[in-house]
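Undergrad: Encoded as structure tokens, here's the structure I'll be asking about.
The values are calculated or read from the model by the stated rules, or taken from the named source; none is laboratory data. Predicted model only: the values in this text are computed from it and were never measured. Glycine gets a Cβ as well: all are built from the backbone with ideal geometry, and neighbour counts include every protein chain shown. The accessibility values were calculated without ligands, DNA or RNA, using every heavy atom of the protein model including side chains. Shrake-Rupley method; radii C 1.70, N 1.55, O 1.52, S 1.80 Å.
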Amino acid sequence: MFLIVRPIRLACKALVAESTPGQLALGFALGVMIGVVPKGNLLALMLGVILAASRANLGIAAATILVVSFISPYFDPLSHQIGTWLLAHPSLTNVWTKLYNMPVMPWTAFNNSIVLGSFIVGVAALYPAYRISKPVFEKYSEKLSAWAKRFWLTRLLMGVEWANGLSKAD
């Protein structure tokens, strides 16, 4: 039951929580970046750790990662071209060789053209996603929060959050 309620509670918390528009925009931007990068490598795991350690809104980030992960395969041809160009560039050959010979770096799968290209696309999209989404969150976050607080399910789920906080204090 906990596994079913937690994602719904995170979504409600994203709508109702007292997050600033900057935190919401940062969650969206990091969600775009993580969503574009293929999963199953150390690079995606490191980006997830950065997300968890930041002050970004995790609910918005999780929803964005989910949506962008479904869309990202359509960007693979572009990512492959960017990654192939970077991996085959003669002046970067020594960099890639040194990185590959480091103990942990091969687990990041940077030598895969799609992973490297997707990471570059994600980094390039980070700032524009933040700048575009921040005014949207500034305009609509209070209205959306007030709308979500009206529903009994949101209040119930936030009450579950409050009850879990009490049980952890004991």
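Undergrad: Hey, can you find the accessible area per residue of the range 28-147 for me, probe 1.4 Å, expressed in square angstrom? Could you put the intermediate results ahead of the total?
TA: On the way: 7300 Å² over 120 residues.
Using a 1.4 Å probe on heavy atoms only, each residue of the range 28-147 averages 61 Å².
Undergrad: Give, in nm to one decimal, the length gained when the segment between Lys39 and Met102 is fully stretched (0.36 nm per residue of separation minus the Cα-Cα distance). Please list the in-between numbers first.
TA: Working: separation 63, 0.36 × 63 = 22.68 nm, distance 2.12 nm.
Extra length available between Lys39 and Met102 comes to 20.6 nm.
Undergrad: On the accessible surface of the range 44-104, probed at 1.4 Å, how many percent belong to carbon and sulfur atoms? Each step should come with its number before you reach the end.
TA: Values: 3100 of 4180 Å².
Carbon plus sulfur share of accessible area: 74 percent.
Undergrad: Sticking with this structure for a sec: Would you mind computing, in nm to one decimal, how far apart the modelled labels at Thr20 and Ile50 are, each placed 7 Å from Cα along Cα→Cβ?
TA: Placing both labels 7 Å along Cα→Cβ, they lie 2.1 nm apart.
Undergrad: Mind computing the radius of gyration and Dmax over the alpha-carbon atoms of the range 88-130? Å is fine for both.
TA: 12.3, 35
Undergrad: I'd like the Karplus ³J(HN,Hα) series for the range 115-127: coefficients 6.51, -1.76, 1.60, θ = phi - 60°, whole numbers in Hz, and an x wherever there's a Gly or Pro.
TA: Residue by residue, the range 115-127 yields 5, 5, x, 5, 4, 5, 4, x, 5, 5, 8, 4, 5 Hz.
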